[in-house]
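Colleague: Questions regarding the structure given below will be posed in turn.
The values are calculated or read from the model by the stated rules, or taken from the named source; none is laboratory data. Owing to the predicted nature of the structure, the values given are computational and were not obtained by experimental measurement. Every residue, glycine among them, receives a Cβ derived from its backbone with ideal geometry; neighbour counts consider all protein chains shown.
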């Protein structure tokens, strides 16, 4: 693994021809979730079966958090008090119509990173899959809908529908884009039903959605990793 800074974000590189992101192979960009360390998803580069030479980039959220354990990062700050109030009241955490404070700035930061990427590394976006876990999934979905980069695929691991009035009109322009969605039926952080809503909206807009619901919580279980490898192999070799 190697580390660098691209577009103002700390980035970890893995895979490729040298294990440090070298070469000119296809690219997978994955963003971690809220409260995770910047290297949280790096182990996926070792366990997901992808085409030989595939490079992995793991950008780190720019916002440090004080959660009392290790290095915790975020893409935008969330309202802990509201989350706890919803839990105490037994309410489903429905954010589908909300535009979180900080999402626009997070999108700008990610856009700066994507703009800088081809200036620093050999990159063809048609051979690049982007995605993430939880908050990282939601940010990459937002970014894909707001940009015109010809990505090979979008990965949504335990994400949710956000900003529906904004996202829905943008979805048809991504018609045909392969999308991998996975979500646990017992997820108590981001509800399964909101992931189903995202699935349905993307499919209705013509995106090629591959849906994997699993018995579990806010996590990425081994069966999902196997299926993700199949998805990535297909998406990264179809162009």
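Colleague: Of the residues 176, 217, 206, only one is farther than 27 Å from residue 26 by Cα, over 16 Å from the mean Cα position of the chain (by Cα) and either modelled with pLDDT under 95 or in a loop (DSSP other than H, G, I, E, B) (or both); which?
Modeller: On the way: 176 fails: farther than 27 Å from residue 26 by Cα; 206 fails: farther than 27 Å from residue 26 by Cα.
After ruling out the rest, the residue left standing is 217.
Colleague: Does residue 38 qualify as being over 25 Å from residue 228 (Cα atoms) and part of a loop (DSSP other than H, G, I, E, B)? Don't jump to the end; show me each part of the working.
Modeller: Working: over 25 Å from residue 228 (Cα atoms): no; part of a loop (DSSP other than H, G, I, E, B): yes.
Judged against the criteria, residue 38 is not a match.
Colleague: With the requirement that a residue be farther than 16 Å from residue 138 by Cα and out of contact with any strand residue (DSSP E or B) (no Cβ under 9 Å at 6 or more places or on another chain), what does the range 198-225 give you?
Modeller: Result: 204, 205, 206, 222, 225.
Colleague: Considering each residue of the range 18-35, count those that are within 15 Å of the chain's Cα centre (by Cα) and without any contact (Cβ under 8 Å) to a residue 40 or more places away in the chain, and give that number.
Modeller: Total meeting the criteria: 1.
Colleague: Among 145, 161, 139, which is in a helix (DSSP H, G or I), surrounded by 24 or more Cβ atoms within 10 Å (Cβ to Cβ) and in contact with a helix residue (DSSP H, G or I) (Cβ under 7 Å, 6 or more places away or on another chain)?
Modeller: Matching residue, one of 145, 161, 139: 139.
Colleague: Assess whether residue 33 counts as being at pLDDT 95 or above, buried (at least 16 other Cβ atoms within 10 Å of the Cβ) and assigned to a loop (DSSP other than H, G, I, E, B). Let's see the steps before the verdict.
Modeller: Numbers: at pLDDT 95 or above: yes; buried (at least 16 other Cβ atoms within 10 Å of the Cβ): yes; assigned to a loop (DSSP other than H, G, I, E, B): yes.
Yes; evaluated as a whole, the condition is true for this residue.
Colleague: Take residue 215 and decide whether it is exposed (fewer than 15 other Cβ atoms within 10 Å of the Cβ) and either free of Cβ contacts under 8 Å to residues at least 40 places away in the same chain or at positive phi (or both).
Modeller: Spelling it out, residue 215 is indeed exposed (fewer than 15 other Cβ atoms within 10 Å of the Cβ) and either free of Cβ contacts under 8 Å to residues at least 40 places away in the same chain or at positive phi (or both).
Colleague: Would you call residue 150 without any contact (Cβ under 8 Å) to a residue 24 or more places away in the chain and either at negative phi or part of a helix (DSSP H, G or I) (or both)?
Modeller: Here the answer is no, as residue 150 does not meet what is asked.
Colleague: Among the listed residues 108, 196, which satisfies the condition of being at negative phi and surrounded by fewer than 15 Cβ atoms within 10 Å (Cβ to Cβ)?
Modeller: Residue meeting the stated conditions: 108.
Colleague: If you don't mind, there's one more thing I want to ask. For the structure I just gave you, tell me whether residue 27 is under 23 Å from residue 180 (Cα atoms) and in contact with a helix residue (DSSP H, G or I) (Cβ under 8 Å, 6 or more places away or on another chain).
Modeller: Against the criterion (under 23 Å from residue 180 (Cα atoms) and in contact with a helix residue (DSSP H, G or I) (Cβ under 8 Å, 6 or more places away or on another chain)), residue 27 qualifies.
Colleague: With more than 16 Å from residue 167 (Cα to Cα), modelled with pLDDT of 90 or more and not in a helix (DSSP H, G or I) as the only criterion, which of 73, 109, 91, 119 stands out?
Modeller: The conditions single out 73.
Colleague: Right, next: Does residue 15 satisfy the condition of being buried (at least 22 other Cβ atoms within 10 Å of the Cβ), in contact with a strand residue (DSSP E or B) (Cβ under 8 Å, 6 or more places away or on another chain), touching a residue at least 40 places away in the same chain (Cβ under 8 Å) and assigned to a loop (DSSP other than H, G, I, E, B)?
Modeller: Numbers: buried (at least 22 other Cβ atoms within 10 Å of the Cβ): yes; in contact with a strand residue (DSSP E or B) (Cβ under 8 Å, 6 or more places away or on another chain): yes; touching a residue at least 40 places away in the same chain (Cβ under 8 Å): yes; assigned to a loop (DSSP other than H, G, I, E, B): no.
When the stated conditions are applied, residue 15 does not pass them.
Colleague: Mind checking whether some residue in the range 220-230 is within 12 Å of residue 171 (Cβ to Cβ) and either assigned to a loop (DSSP other than H, G, I, E, B) or under 17 Å from the mean Cα position of the chain (by Cα) (or both)? Don't jump to the end; show me each part of the working.
Modeller: Initially, the range 220-230 is screened for residues within 12 Å of residue 171 (Cβ to Cβ), giving none.
No, the range 220-230 has no match at all.
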